[in-house]
Amino acid sequence: MHQEYTAMKVCTDACLFGAWVASDEPISTANGILDIGTGTGLLSLMLAQATEISNTNNATNTDPTNITAIEIEVAAAKEAASNFALSPWNSRMNLINSSIQEYSATAGDTNEQRFDCIISNPPFYEGDLKSPDEKKNLAAHSSGLPWNELVENVFNLLKDGGAYYVLIPALRSFTMQKLCDQNGLQLVEEVLVHNNAKGLPIRAMQKFIKPTLAQKAQESVVVKRSKIFIKDANNKYESLFTELLQGYYLHL
């Protein structure tokens, strides 16, 4: 994974998020996946790897899973495109150098032209002291992609019945849930990520759905909630973390 020119480098929580999403059933049957703010292209590549296996094993889903990745920052977009081109799944991957707002404005508006699944590790600093590096500001600060605009565009680009996965700071998990609820997206699962059992959660991995009419008619959904610890008391990777990441890390 090349990341020389990308402001936000590959990190453990993003890898965990990618592996968690890749293990979810809707990903294995998706025909179209959208990655908003792809950065290095890490999440898209992890899903491309996972769906290569599921596409091979799923006899009922004969269409390959195509992945569209959006990246606004020019240098990061070029690097992600290069990472895609070097991968064995490049024929199913498409990089678009654009903001999600611009992309959504020109995308089709019918359910057939939308995506089965959308993933995002969005900028989350809001009102914090900015870096002298404008690339980092664009990648990390939500002024370039306010969360309300992110959620509005996710709703517009997601198929009815589709799934939206997002990685955010644990302290802002309710903010994302509230915005999604206001925009017609329903929280169905949340995993709080801890560095270890003694620490407070650092990240929240959330899954939302865009309910179909039939799903809207059902009784309220009970949200599945759980925790995952990256390290144990001996500073070793926890078993669940290892189970999720062993297909992506070389030395687990």
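The values are calculated or read from the model by the stated rules, or taken from the named source; none is laboratory data. Given the structure is predicted, the values throughout are model-derived calculations rather than measurements. When we count neighbours, we look across all protein chains shown, and the Cβ atoms used for this are built from the backbone with ideal geometry, even at glycine.
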If we ask which residues in the stretch 193-231 are exposed (fewer than 10 other Cβ atoms within 10 Å of the Cβ) and farther than 23 Å from G162 by Cβ, their number turns out to be 2
Looking across the stretch 88-114 at residues that are of a type in the set (G, A, S) and under 18 Å from A30 (Cβ atoms), the single one that is surrounded by the most Cβ atoms within 10 Å (Cβ to Cβ) is A107
**OP:** Confirm whether A77 is assigned to a helix (DSSP H, G or I), under 17 Å from the mean Cα position of the chain (by Cα) and at pLDDT 90 or above.
**Re:** yes
Selection over the stretch 232-241 where residues are assigned to a helix (DSSP H, G or I), more than 18 Å from the chain's Cα centre (by Cα) and surrounded by 13 or more Cβ atoms within 10 Å (Cβ to Cβ) yields a count of 1
Checked the stretch 149-179 for anything part of a helix (DSSP H, G or I), more than 18 Å from N31 (Cα to Cα) and out of contact with any helix residue (DSSP H, G or I) (no Cβ under 8 Å at 6 or more places or on another chain); matches are E152, A170, L171, R172, S173, F174, Q177, K178
Note on the stretch 200-217: residues at pLDDT below 95 and closer than 20 Å to C15 by Cα are none
Subset of the stretch 13-31, residues more than 18 Å from M93 (Cβ to Cβ) and touching a Ser or Thr at 6+ places or on another chain (Cβ under 9 Å), comes to T29
*asked:* Going by what's in this entry, would S82 be described as farther than 17 Å from L158 by Cα and either small (G, A, S) or more than 16 Å from the chain's Cα centre (by Cα) (or both)?
replied: yes
From the option list L187, L179, L167, single residue qualifying as modelled with pLDDT of 95 or more, among the aliphatic types (A, V, I, L, M) and over 21 Å from A14 (Cα atoms) is L179
Scanning the stretch 217-231 for residues that are in a loop (DSSP other than H, G, I, E, B) and over 15 Å from K207 (Cβ atoms) gives Q218, E219, S220, I230
- Message: So for the stretch 200-208 (the condition being polar (S, T, N, Q), in contact with a helix residue (DSSP H, G or I) (Cβ under 7 Å, 6 or more places away or on another chain) and either assigned to a loop (DSSP other than H, G, I, E, B) or closer than 26 Å to N148 by Cα (or both)), does at least one residue qualify?
- Response: yes
